[in-house]
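Worksheet for the structure shown next.
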Amino acid sequence: MKLFLYQIAQVRSGDKANDSDVSVFAPNESVYNFLKESLTPAVVKSVLSSIVDGKVVRFEVPNLLALKFLLTDALGGGASGSLRIDNLGKSIGGIFSTIELELPETLLKAVHIRPV
Amino acid sequence: MSKAIRVGAGQGFYGDDPWFALQSAKYGNVDYMGFDSLAELTLAILEKARQKNPDKGYAADIITYANLLLPFVKERGLSLVTNAGGLNPHAAAKAVARLAKKIDFDNLKIATITGDDIKGKIKQLRQAGLKFENLDTGEPMPDEILNNIIFANCYLGAIPVKDALDRNADIVVAGRITDPALFAGPILSGMNWQTDNLDQVAFATLLGHLLECGGQITGGNFSGDWESIPNLERLGYPIAEVYDDLTAVITKPEGTGGMVSKDTVKEQMLYEIHDPSNYIGPDCIVDITSAILTDIGKNRVKISGVRGKKPPTALKALFAYPDGYIAEGRILYGVPNALRKAKAMAEIMKKRLDILGIKPIAYESEFIGGGALKRKEPDYEPDEILLRVAVKVASKSEAQQVTKLFPAYILDGPPGADFFGAPPKPRQAIGIWSALIDRELIERDVKVNVKTAKEILEA
């Protein structure tokens, strides 16, 4: 089933200097394993290429069923000097969560799918 | 689970709404509360204020919060920790002392923490051989930045806060300490934990991290099923109930809105920490990859399993320098072709600057409602688009000149333009240079002073 990441996961972004820091939380272990396969740094970089000028670094946090992404050079210079309206990248989590995924049918039963 | 203390979040940022703190003081049965008033831009504003008047340089929020909460300190023994001292904790302490006097609270014990402000000793450190290598690039600090520092502060940790509270301070007024230290200090002191017990220090730090953003852990900014979060109009700010077996419960005051669940807590747990196995602070390095969260009741989440590693040998310092001025203009366009009109106007403004000989350092045009967040342009015709142009220029006078260019284009540009309020005033852009400094060079000048309101006013 084709869906957006936000329909099955929580995604919040924050900032540090010119980097955006995005956390993705899976609702259960099978979805976590699926997201680990799907959300590679290369996929994330290509989807967010208009925002991220630097690189994408990923950390796995299995105890929270979470993936943490560090997006470098993503805020147009950093909060205090950036010209962007979203100088803190608060919206980047939301944009990240619009990544489209093909969720395997076997995972459908184990997950609550939020409406679009 | 024997000894327990309750530590509440009072303020998540400069300009936060004090109503939330008042609910925790009234209904949260809290022993301590922490308040974060400082952002990088706040410090720049405070430095300007201090230059004009040596009695200024602290965040004015402290007056609002002290007015509201000193009665709880007096009557219930609540203790407060704030970083609103900014660049002048002594002046902030004096202002608090004056408020205390008004309510006959002469024996209020006020602590100040100083030594984070290193602007006065930059030259001395440089002469001692420090190059302030940039944390990201490794490049030594160039002279043009060194000679134009607006403010320079090192992040101190929770240990001076613990020290102040161990000496029975009722209110601790600090400058640039880390946000978690506002809460970790009270936890270390209240639990009588040891600063060389890394798991205790790490747990206190992580709890501080959970509390530092106020309502962001109780249902605010929640990316899950946000529509299911009840009563955000009377959101409760978080409280950590801490036990001496290295467990804690995150909760919120009775009768308040919002929600505390494993899902709201985990979003804040990972928020802005970068590497979850190495969350670096002045007091220790926190590893949360073994942390366990459990829902144990309505609006109660238990935390355990946080581990600590040895603290770094250097502290992080932020050096702020002037980085030009930002002018901004906004014009609203309606159908038909709103997006095309806004784009055309953005180009006209670029050429206009060129004719006037203004050379922007940077120029950003955003089409709000039409892809300003850089995801994609709409594939339909929007009814309206707000054009926002932000221009970085070298001088304040140029920025003022740019600001004045927008109103004329309500009549002189593409049709159907609306004046979207007065253009914002030009503002200074601040560059931030981060570097590490051997902590010994900083900590030898850190001072914790505890005095009563009476002693401060008589000095």
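Tabulated values for the structure
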item: Residue in the stretch A:1-31 that is least open to solvent (accessible area, probe 1.4 Å), counting only those that are in contact with a helix residue (DSSP H, G or I) (Cβ under 7 Å, 6 or more places away or on another chain) and away from chain B (no Cβ under 11 Å); result: A:31
item: Those residues of the stretch B:141-166 which are surrounded by 15 or more Cβ atoms within 10 Å (Cβ to Cβ) and either part of a helix (DSSP H, G or I) or without any contact (Cβ under 8 Å) to a residue 40 or more places away in the chain (or both), in sequence order; result: B:145, B:146, B:159, B:160, B:161, B:162, B:163, B:164, B:165, B:166
item: Filter pass, residue B:82 being in contact with a Pro (Cβ under 9 Å, 6 or more places away or on another chain) and under 28 Å from residue B:21 (Cα atoms); result: no
item: Checking residue B:273 against (1) within 14 Å of chain A (Cβ to nearest Cβ); (2) more than 26 Å from residue B:194 (Cβ to Cβ); (3) open to solvent by less than 20 Å² (accessible area, probe 1.4 Å), the condition it does not meet; result: (2)
item: Of all residues in the stretch B:9-45 being among the hydroxyl-bearing types (Ser, Thr, Tyr) and either in contact with a strand residue (DSSP E or B) (Cβ under 7 Å, 6 or more places away or on another chain) or within 14 Å of chain A (Cβ to nearest Cβ) (or both), the one that is farthest from residue B:219 (Cα to Cα); result: B:42
item: Test: residue B:331 is open to solvent by 30 Å² or more (accessible area, probe 1.4 Å), farther than 30 Å from residue B:441 by Cα and not in a loop (DSSP other than H, G, I, E, B); result: no
item: Those residues of the stretch B:275-288 which are touching a strand residue (DSSP E or B) at 6+ places or on another chain (Cβ under 6 Å) and not charged (D, E, K, R), in sequence order; result: B:276, B:277, B:278, B:279, B:282, B:284, B:285, B:286
item: Residue check, residue A:43 open to solvent by 30 Å² or more (accessible area, probe 1.4 Å) and in contact with an Asp or Glu (Cβ under 9 Å, 6 or more places away or on another chain); result: no
item: So residue B:82, is it more than 14 Å from chain A (Cβ to nearest Cβ) and surrounded by fewer than 21 Cβ atoms within 10 Å (Cβ to Cβ); result: no
item: Hits in the stretch A:100-116 (condition: assigned to a loop (DSSP other than H, G, I, E, B), open to solvent by 10 Å² or more (accessible area, probe 1.4 Å) and of a type in the set (A, V, I, L, M)); result: A:110, A:111, A:113, A:116
item: Residue B:407 being in contact with a Pro (Cβ under 9 Å, 6 or more places away or on another chain) and either more than 14 Å from chain A (Cβ to nearest Cβ) or modelled with pLDDT under 95 (or both); result: yes
item: Single residue of B:330, B:340 found to be out of contact with any Cys (no Cβ under 6 Å at 6 or more places or on another chain), within 11 Å of chain A (Cβ to nearest Cβ) and either at positive phi or not small (Gly, Ala, Ser) (or both); result: B:330
item: Check on residue B:86, within 22 Å of residue B:300 (Cα to Cα), assigned by TED's automatic domain parsing to the domain that holds residue B:244, in contact with a helix residue (DSSP H, G or I) (Cβ under 8 Å, 6 or more places away or on another chain) and touching a residue at least 60 places away in the same chain (Cβ under 8 Å); result: no
item: Conditions (1) buried (at least 22 other Cβ atoms within 10 Å of the Cβ); (2) in contact (Cβ under 8 Å) with a residue 24 or more places away in the chain: number failed by residue B:278; result: (1)
item: Residue under evaluation residue A:88, criteria (1) within 25 Å of residue A:1 (Cα to Cα); (2) touching a residue at least 60 places away in the same chain (Cβ under 8 Å), criterion not met; result: (1)
item: Where a residue in the stretch B:369-382 is away from chain A (no Cβ under 14 Å) and its partner, wherever it lies, is assigned to a loop (DSSP other than H, G, I, E, B), with Cβ under 9 Å and at least six apart; result: B:381/B:335; B:381/B:336; B:381/B:337; B:382/B:335; B:382/B:369; B:382/B:370
item: Single match in B:168, B:147 (criterion: more than 17 Å from the chain's Cα centre (by Cα) and at positive phi); result: B:168
item: Residue B:413, sole failed condition from (1) in contact with an Asp or Glu (Cβ under 9 Å, 6 or more places away or on another chain); (2) of a type outside the set (A, V, I, L, M); (3) at pLDDT 95 or above; result: (1)
item: Search result, residues across the stretch A:66-99 that are part of a loop (DSSP other than H, G, I, E, B), touching a Phe, Trp or Tyr at 6+ places or on another chain (Cβ under 9 Å) and either facing another protein chain (nearest Cβ under 8 Å) or open to solvent by 40 Å² or more (accessible area, probe 1.4 Å) (or both); result: A:83, A:97, A:98
item: Residues satisfying the stated conditions in the stretch B:1-36, i.e. of a type outside the set (D, E, K, R) and modelled with pLDDT under 95; result: B:1, B:2, B:4, B:12, B:13, B:14, B:15
item: Any hit, the stretch B:214-230, residues being within 28 Å of residue B:158 (Cβ to Cβ) and either among the acidic types (Asp, Glu) or over 24 Å from the mean Cα position of the chain (by Cα) (or both); result: no
item: Residue within the stretch B:215-236 that is open to solvent by less than 20 Å² (accessible area, probe 1.4 Å), part of a helix (DSSP H, G or I) and in the same structural domain as residue B:81 (by TED's automatic domain parsing) present; result: yes
item: Top-ranked residue of the stretch A:100-116 - restricted to ones that are touching a strand residue (DSSP E or B) at 6+ places or on another chain (Cβ under 9 Å) and among the β-branched types (Val, Ile, Thr), ranked as farthest from the other protein chains (Cβ to nearest Cβ); result: A:116
item: Hits in the stretch B:290-308 - residues which are open to solvent by 50 Å² or more (accessible area, probe 1.4 Å) and either touching a residue at least 60 places away in the same chain (Cβ under 8 Å) or in contact with a Gly (Cβ under 9 Å, 6 or more places away or on another chain) (or both); result: B:292, B:307
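The values are calculated or read from the model by the stated rules, or taken from the named source; none is laboratory data. This is a predicted model, so every value here is computed, not measured. Cβ sites come from the backbone with ideal geometry, for glycine too, and all protein chains shown count toward neighbours. Ligands, DNA and RNA are excluded from the accessible area calculation, which covers all protein heavy atoms including side chains. Shrake-Rupley method; radii C 1.70, N 1.55, O 1.52, S 1.80 Å.
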